[in-house]
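Encoded as structure tokens, the structure appears first; notes follow it.
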Protein chains: 4
Amino acid sequence: VAARIGIVGASGYGGAELLRLLAGHGGVEVAVVAAHAQAGAPVASLFPNLGGLDADRTFDDVDVDRLVDLDLVFLSTPHGPAVELGATLLEAGVPTIDLSAAFRLPADDFATWYGEPHPRPDLTPAVYGLTEYARDAVASADLVANPGCYVTTALLGLLPLADAIEPGTVVVDGKSGTSGAGRAVSDRLHATHVAGGVNAYGSPTHRHTREIETGLAAFAPDLGAVSFTPHLLPVARGLLTTSYATLRDGVGADDVQGALVDRYRDEPFVHVLAPGAFPTTKAVLGSNGCQLSAVVDPRTGRVTVVAVTDNLGKGAAGQALQNANLRLGLPETAGLTAIGVYP
Amino acid sequence: VAARIGIVGASGYGGAELLRLLAGHGGVEVAVVAAHAQAGAPVASLFPNLGGLDADRTFDDVDVDRLVDLDLVFLSTPHGPAVELGATLLEAGVPTIDLSAAFRLPADDFATWYGEPHPRPDLTPAVYGLTEYARDAVASADLVANPGCYVTTALLGLLPLADAIEPGTVVVDGKSGTSGAGRAVSDRLHATHVAGGVNAYGSPTHRHTREIETGLAAFAPDLGAVSFTPHLLPVARGLLTTSYATLRDGVGADDVQGALVDRYRDEPFVHVLAPGAFPTTKAVLGSNGCQLSAVVDPRTGRVTVVAVTDNLGKGAAGQALQNANLRLGLPETAGLTAIGVYP
Amino acid sequence: VAARIGIVGASGYGGAELLRLLAGHGGVEVAVVAAHAQAGAPVASLFPNLGGLDADRTFDDVDVDRLVDLDLVFLSTPHGPAVELGATLLEAGVPTIDLSAAFRLPADDFATWYGEPHPRPDLTPAVYGLTEYARDAVASADLVANPGCYVTTALLGLLPLADAIEPGTVVVDGKSGTSGAGRAVSDRLHATHVAGGVNAYGSPTHRHTREIETGLAAFAPDLGAVSFTPHLLPVARGLLTTSYATLRDGVGADDVQGALVDRYRDEPFVHVLAPGAFPTTKAVLGSNGCQLSAVVDPRTGRVTVVAVTDNLGKGAAGQALQNANLRLGLPETAGLTAIGVYP
Amino acid sequence: VAARIGIVGASGYGGAELLRLLAGHGGVEVAVVAAHAQAGAPVASLFPNLGGLDADRTFDDVDVDRLVDLDLVFLSTPHGPAVELGATLLEAGVPTIDLSAAFRLPADDFATWYGEPHPRPDLTPAVYGLTEYARDAVASADLVANPGCYVTTALLGLLPLADAIEPGTVVVDGKSGTSGAGRAVSDRLHATHVAGGVNAYGSPTHRHTREIETGLAAFAPDLGAVSFTPHLLPVARGLLTTSYATLRDGVGADDVQGALVDRYRDEPFVHVLAPGAFPTTKAVLGSNGCQLSAVVDPRTGRVTVVAVTDNLGKGAAGQALQNANLRLGLPETAGLTAIGVYP
């Protein structure tokens, strides 16, 4: 019997990407496709790619009574509703993967970086679902905090090297497609203002800054405060992080490459390139893949790690499905691929 | 003494492009930069390119008392306010160039295509400011209806051939950058939905359809009803029309090329390419130029005319300034160039 | 036992897209991945998305002895080599799907439009593999001419309406991403010249013009000579055709919509939208889907049909795989989806 | 009498941009437009935007006898020919602005970073033409080395802060449009491979790394080795650098903002934004402007400076013209603007 799952917040990009991926999964039944403000509207009216799938499917209302009967729920809402729904589902014993930032940080960090007290500090932080580093915990977690897109991409590149890095020296320069900023319309996301240009934003208080720091500390020695600057690219999908850090004395290029290759040799979704080969975001478009490579500059003593994901794939819905597969006891790769739609 | 001019609706793309062009004009003083909803806000907060010009300039309120004292006013508002302001300025004897559709069509056509009665049918249609075909009229006009972007581009290609075309056979396929759709935010103009894709819209009732028909009839024999389909391109600026029409018996490729070359030989802003060379929108980016070329297919008896403009240049603000120069007795090319920012 | 297939010309975009699709197929074994000039090079050196699939796979040489042992071969070379290889494979009894133009046209048309005599007129035209219109023929064909991208997209929109269209009135305006122009580098495909612009090309002698005409005549009443103008879009993938035609007397909007809906109701890959809804190329990105819609303008008596595909999907490799599935007796949809990577 | 100038290497993007700018200059006569491989070809065949300017102008051959008669020469060739021509012109007493890297570095650095001995070490380094920091030297220089695009952009942001920065802590993350990589075709600059994606390249041995270091040391205290990673954006024009550096003890946000504002208050082409406002490359498109802003993160003690230019404007031809104006005794801003073609 296929697991019956639900998606709440399916009118957003993360939720809709889950629908797209689940259409090719085979092992689950999508029982609920909820979107509060769009309830009753055809799914294809917002996501024309899904029209061929089931032209008559409409968004459901958010009905907790139905959700608590499911085998697993994805939350893809803003963090406010996610706290409330997550708490309810946890109480009801329904495994939940939350794509928002609601449960990623300890409550005090959340308060500092999100500018509001966390309504349920007792539930924070949830299991942090960077799959490659948290398989066991995810497999038995009742509530998984699915990592942010910049964070996933930066951490996959930095974590294998954390022991070799001097604390306090990490700089992460991120570049993202616009879908990472969500579906809400705004002047800064107007096509006319984005097309053909690039700009930084949010530094130095972008919330993913703290999530990078806590994510590093969760799986490796604490590397201290990180400088992070995100940039908006004139593309819909694609995320690239360029991370700089000073290496400890005696660490060389071979050590760096060895650490990366060793760590990811058996990973289906993370692919290490040779030094000097740099990944393109296009290589992982539409996939759950991450490609990365590193170079060491003996002049500066720094390593530069470049990593790419699809911000809606490994950076959001792909990783959420990867986590759900683990939690449901299904093959981890079900419904997922590391092969991007290139060129 | 420099002419004192005003721009109303300067928070829109057309108005801001006028500001950009006038910064390099030299012969006029921009006395009023009005934008109702943005009054008091720095111009550079909406148009960061203009920050270097005069970082402290703020949008003025729309103050009719100040406008009636000016030597010329550009209206770059929606057509509703434009009717009202245009009527007032006309009464006050202030020459006005209206970039909206308020005065382009006869009142009955306006009612049909815009779905509302025209509040001042007595003022319609104003002098239709397709400059290359209306120089004398523009030079003495009190109210100029500045043509739409698709229309300007299509007409410049079709008009020299109108005598050679069978009525009822014209098809215009238009492609436009997103700035042609204006500054208002919307789901369909969300960067994420536009980036990397293309779609048609608005056919067969797009309002420029009728404007193409009346524009043709204004300067050439009536060619009847036109099929027009606009498309949205994933670029900020650039407009290309591909126009198809059946040639009258006996008209050949040489006749077509001859008609185009003869018509535009002395025009500073319209440039005819050799048959087989096709213009790119990038060649006229940021300029008042139009490039065009035509091919004749003896198998079908049709001519295909391809023309490009910058939809904010010759398709809007550029042509408006060209018209204003004529009306003010200044050199027609002042503040304008036919050289685009390529590549 | 899985069918053993080969791809010749796998260093081109069509061949590589077949590799991507076949990675998710399950029912075939890719035994040969041949690319003459790239033999020995890692597949991932040209197609970084395929690195995760099998990092060590290299391109094979083109070895006819190996090809004749396979169950099916895809030819994705230029038409010159394709004629030779196709003839050899035909003689050897190996079912072949040719993605080039080698066998699409009758030999005399080929000579006219390609400017060279066809070396094997006896083999032309092969079964024309517009799948939805040629299932039975494809299922038993030894040589399938896989249709061109513009042609597939235009025909899927026009064919259901062919009975209702006046011959001699068809105009097709095509817009394509750059991958449709192939991998060879050139000034006109330089990223700097393409980014942010659009241009027409190739009209009126583009070879797909004749293929549209013969394709229409193959499956419907002959509609005579067609006007066709292709345009290059600043995107990697995506194809949109806007087709205009005069309707026969008495044909109305309901007839048009009815004909489209009836024809494609049960098709897994062709999706008809409501009139007034226009498809975006992004809805079918990376998929084998085609979305289309039509509007009728009573003023002109014309129908306008807008259709989108991914030029490497339904416009090339996707349809080739669809045809191969039929020929091999596998489920037609194996390895394929109609759901695009949107947004 | 207008100064008679020449451009060598006018078939490249930098040379053609000079032609575009000089068309609006007024004070110089472009006497020679030389391009070795394109001699005799119409300028408009490579640069369609220039067709309207003078459709009949063709590229000249590189004729030293004509060049030595001019008042000033721009060299826009690769560095090989530039060394030779620069030496000849220097000997002939013709002021020369070289846009290549031929004379930017001391000969030993050149040998290390360019992998070849410098043929004329006696001429290196020439006056380094970062205009805002080298006005007097440029005004009297016989040979000006025009700075690289990444370097100009990074230096304009870092130099006012150099006294406040800890040596050895500078990281520069650069993002550039494809025109910065030149006109030569290649697989990596194929439109299909660039569209919709982003990738890093060249790190850690990109030649601009050393130029940033020597440029900093030329106008400020030596800040030691710099980490630099360039990235390729899917746009034709636009350059953004994000520079990170650790501040000396006691330096705060107000000090940083004050230093930037003080330094550039009277500069016509450099515009400092308020902290928290981030410039977009689109604001300076087609102009000689640079916009920049900085934020300080008290948690890390680092400053992040974001700066944008048009890589063909202030990053190449714009600055070259600015330097030429100084050398010729013309107004520094002649033919230039800080107002970009936005949106």
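Treating each Cα of the stretch D:194-343 as one equal point scatterer and applying the Debye formula with no solvent, the log10 of I(q)/I(0) at q = 0.21 Å⁻¹ comes out as -1.53. Would any residue of the stretch B:13-46 have its amide N under 20 Å from a label point 7 Å out along Cα→Cβ of B:ASP65? List them or say none. B:31-37, B:39-40, by backbone N distance to the label point. Rounded to the nearest 5, the antiparallel percentage of DSSP beta bridges internal to the stretch C:1-89 is 10%. Summing charges over neighbours of C:GLU84, with a neighbour being any other residue whose Cβ is under 12 Å away from its Cβ, gives -1 when K and R count +1 and D and E count -1. Can you tell me how the stretch D:140-194 classifies by the Cα gyration tensor, rounded, prolate or oblate, using a/c under 1.5 as the rounded cut? Cα axes put the stretch D:140-194 in the oblate bin. Each of A:TYR201, A:PRO160, A:PRO125 was scored by the projection of its Cα onto the charge dipole of the stretch A:105-233, and the greatest displacement toward the positive side belongs to A:TYR201; charges sit on the C-beta of Lys, Arg, Asp and Glu. Counting, for every residue in A:305-312, the Cβ atoms of other protein chains within 10 Å of its Cβ and taking the mean gives 2. Looking at C:LEU46, C:LEU99, C:GLY86, which one has the Cα that reaches farthest to the positive end of the dipole of the stretch C:1-128 (charges on Cβ: Lys, Arg +1; Asp, Glu -1)? Towards the positive end, the residue furthest out is C:LEU46.
Could you work out the relative contact order of chain D? I mean the mean sequence separation of Cα pairs under 8 Å and 6+ apart, divided by the number of residues, in percent. For chain D, the relative contact order is 17 percent. Summing +1 for each Lys or Arg and -1 for each Asp or Glu, what net charge is found among the other residues whose Cβ lies under 12 Å from the Cβ of B:LEU326? With Lys, Arg at +1 and Asp, Glu at -1, the neighbours total -1.
Quick check: Cα centre of the stretch B:307-325 to Cα centre of the stretch C:6-41, how many Å? Each part reduced to its Cα centre gives a spacing of 50 Å. Values of log10 I(q)/I(0) for the stretch D:1-47 across q = 0.21, 0.27 Å⁻¹ run -0.68, -1.02, by the Debye formula with one identical scatterer at each alpha carbon and no solvent. One quarter of the convex hull surface built on the alpha carbon atoms of the stretch D:157-223 amounts to 5.7 nm², the projected area averaged over directions.
Scanning chain B for helices, which whole DSSP H stretches are 30 Å or more long along the axis (Cα) and average 1.0 or more by Kyte-Doolittle? Walk me through the intermediate numbers first.
Working: long enough: none.
The answer is none, since no helix passes both cut-offs.
P(r) for the stretch D:44-99, from all Cα pairs and a bin width of 10 Å, is 22, 42, 30, 6 %, short bins first. With its label point put 7 Å out from Cα toward Cβ, B:ALA2 sits 2.4, 6.9, 7.3 nm from the same residue's point in the other copies, in order from shortest. For A:PHE59, the residues whose modelled amide H falls within less than 5 Å of its own, excluding neighbours fewer than 5 places apart on the same chain, are A:GLY40, A:ALA41, A:VAL43. Using a cut-off of under 20 Å, list every residue of the stretch B:234-259 whose amide N is near the label point 7 Å from the Cα of C:GLU166 along the Cα-to-beta-carbon line. Correct set: B:243-251. Applying Stokes-Einstein at 37 °C and 0.692 mPa s to the Kirkwood radius of the stretch C:272-325, computed over alpha-carbon pairs, gives a translational diffusion coefficient of 272 µm² s⁻¹.
Size of chain D from its Cα atoms: along the principal axes, largest to smallest, the extents are 61, 44, 39 Å.
At a Förster radius of 51 Å, what calculated FRET efficiency corresponds to the Cβ-Cβ distance of C:ASP136 and B:VAL261, to the nearest 0.05? Efficiency, rounded to the nearest 0.05: 0.40. Accessible surface for B:CYS149 stands near 20 Å², nearest 10, in the context of the full protein assembly shown (1.4 Å probe).
Annotation: amide H-H contacts under 5 Å for C:HIS118 (H modelled 1.01 Å from N, sequence separation of 5 or more, or interchain): C:ALA111.
Summing charges over all other residues whose Cβ lies under 14 Å from the Cβ of C:GLY180, with Lys and Arg as +1 and Asp and Glu as -1, gives +3.
Once you divide the Cα radius of gyration of the stretch B:81-129 by 2.2 N^0.38 Å, the number left is 1.06. Projected onto planes of every orientation and averaged, the convex hull of the alpha-carbon atoms in the stretch D:31-71 covers 3.0 nm².
Ranked from shortest, the separations from the 7 Å Cα-to-Cβ label point of D:ASP61 to its equivalents in the other copies are 4.6, 7.1, 8.4 nm.
The mean number of partner chain beta-carbon atoms within 10 angstrom of a residue's beta-carbon across peptide D:169-180 is 5.
Run the simple label-point estimate for B:GLU116 and C:ALA218 please: 7 Å along Cα→C-beta, distance reported in nm. Distance between label points: 5.2 nm.
If the convex hull of the alpha-carbon atoms of the stretch D:34-190 is projected onto planes in all directions, what is the mean projected area in square nanometres?
Seen from a random direction, the Cα hull of the stretch D:34-190 projects 12.0 nm² on average.
Looking at the square roots a ≥ b ≥ c of the eigenvalues of the Cα gyration tensor of the stretch D:1-96, which shape do they give, rounded for a/c under 1.5, prolate if a/b is larger than b/c, or oblate? Oblate, because a/c is 1.5 or more while a/b does not exceed b/c.
Using alpha carbon centroids, what distance separates the stretch D:141-192 and the stretch C:172-220, in Å? Distance between centres, Cα-based: 36 Å. The other copies place their C:GLU166 label points at 0.8, 8.0, 8.0 nm from this one, listed shortest first, where each point is 7 Å from Cα along Cα→Cβ. Taking all Cα pairs closer than 8 Å and separated by 6 or more residues, the relative contact order of the stretch C:1-78 comes to 43 percent. Taken over the Cα atoms of the protein assembly as shown, the convex hull encloses 174 Å³ per residue. Across the stretch B:231-272, the volume of the C-alpha convex hull divided among the residues equals 89 Å³ per residue. Closest approach of any chain A Cβ to the axis that rotates A onto D belongs to A:ASP173, 2, distance given in whole Å.
Calculate I(q)/I(0) for the stretch C:192-254 by the Debye formula, one identical point scatterer on each C-alpha and no solvent, and give its log10 at q = 0.19, 0.24, 0.25, 0.30 Å⁻¹ to two decimals. Values, matching the q order: -0.88, -1.11, -1.14, -1.32. With the highest mean first, a sort of the peptides A:204-210, A:171-177 on other beta-carbon atoms found within 10 angstrom per residue produces A:171-177, A:204-210. Over the stretch B:296-343, Cα pairs under 8 Å with separation of 6+ residues give a relative contact order of 19 percent.
Estimated translational diffusion coefficient (Stokes-Einstein, Kirkwood radius over Cα pairs, 20 °C, 1.002 mPa s) of the stretch D:114-220: 133 µm² per second. Under 23 Å of direct C-alpha separation, and excluding same-chain neighbours fewer than eight residues apart, B:LYS314 reaches these lysines: B:LYS175, B:LYS282, D:LYS282. For the pair D:ASP249 and A:THR333, label points projected 7 Å from Cα toward Cβ lie 5.5 nm apart.
The values are calculated or read from the model by the stated rules, or taken from the named source; none is laboratory data. Everything numeric in this text was worked out from a predicted model, so none of it was measured. Virtual Cβ from ideal backbone geometry, glycine too; neighbours counted across all protein chains shown. Surface accessibility is based on the protein's heavy atoms, side chains included, excluding ligands, DNA and RNA. Shrake-Rupley method; radii C 1.70, N 1.55, O 1.52, S 1.80 Å.
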